[in-house]
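Sharing a structure, written as C-alpha cells. Questions coming.
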Amino acid sequence: PTPVTPAPTPRPTTPSGPAVIPPPAGDLSDSQISTYGKGRFLWPLRGQILSDFGPKGTGQRNDGINIRTKAGDTVRAAAAGDVVYAGDQVPGFGNLVLIKHADGWVTAYGHLGRVDVKMQQKVVQGQQIGQAGQTGGVSEPQLHFEVRYAPSANERAKPVDPELVLPK
C-alpha cells in the first residue's frame with residue numbers, strides 16, 4: 001500500500017491577508033508574553049503599586065500587582081471579554097471579578113468595594129466593572145489585579161506579570 005501524505009495545514013490569516021502567528025506553546029518568556037500581550041490591555045485604574053508581581057519572601061508570592069487607590073474609585077475592564085466570576089467566595093480576595101478574554105487571556109480584579117457586573121455578562125474594554133475597596137482582609141483600599149495566560153484551551157491559565165502587558 002502507498003503511504004498517505006497528510007494535507008498541508010492551512011496557515012491562519014486575518015481579513016487583511018498576512019498570517020497571524022500563533023503564540024508559541026509551553027512556558028513563554030517575559031519578552032514573548034510582552035510581545036503577545038502588547039496593546040491588548042489598559043490599566044484597570046491608575047495608582048501607586050503597593051506590591052509588585054512575584055515572590056514575596058516568607059514562601060508567598062503575588063500572582064498579580066496591588067495598586068493603591070481610594071475606596072470608591074472606578075475599576076475598569078482591562079480588555080473586552082466575558083465575566084466568568086463575580087462574587088466573594090475566593091478566600092483572601094474579597095469581592096472578585098474574573099474576565100475571560102480572547103486568545104487564552106484572563107484578568108482578575110480583587111478587593112472590590114462594589115461589583116457592577118454579573119456572571120456571563122459581556123464587557124467592553126474600559127467599561128466600569130466595579131469600585132475599588134478594602135475587602136478580603138487588606139489594610140488599605142487597593143485593587144489586586146492579575147493577568148493570566150494559557151497557550152491552549154486545555155491548559156490552566158498561568159499568572160504573568162501585568163506590567164509586561166499594560167501600557168507604560
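The values are calculated or read from the model by the stated rules, or taken from the named source; none is laboratory data. Predicted model only: the values in this text are computed from it and were never measured. No Cβ is skipped: glycine too gets one built from the backbone with ideal geometry, and neighbour counts run over all protein chains shown. Calculation scope for accessible area: heavy atoms of the full protein, side chains included, ligands and nucleic acids excluded. Shrake-Rupley method; radii C 1.70, N 1.55, O 1.52, S 1.80 Å.
At a 1.4 Å probe radius, carbon and sulfur cover how many percent of the accessible area of segment 56-168?
Carbon-and-sulfur percentage of accessible area, whole number: 51.
Take the Cα coordinates of segment 77-168, assign each an equal point scatterer, and use the Debye formula without solvent to give log10 I(q)/I(0) at q = 0.17 Å⁻¹.
The Cα Debye sum returns log10 ratios of -0.70.
Would you tally the net charge around residue 44, using a Cβ to Cβ cut-off of less than 11 Å, leaving residue 44 out, and scoring K and R as +1, D and E as -1?
0
To continue, here is another question. Counting other C-beta atoms within 10 Å, and keeping those with at most 11, which DSSP coil chymotrypsin sites (Phe, Trp or Tyr not before Pro) do you find in segment 61-168?
Details: sites: 85, 93, 105, 109, 145, 149; in loops: 93.
Within segment 61-168, no chymotrypsin sites (Phe, Trp or Tyr not before Pro) qualify (loop, at most 11 other Cβ atoms within 10 Å).
Starting from the amide H of residue 114, placed 1.01 Å from N in the peptide plane, find each other amide H under 5 Å away whose residue is 5 or more places distant or on another chain.
When sequence neighbours closer than 5 places are left aside, the close amide H contacts are 131.
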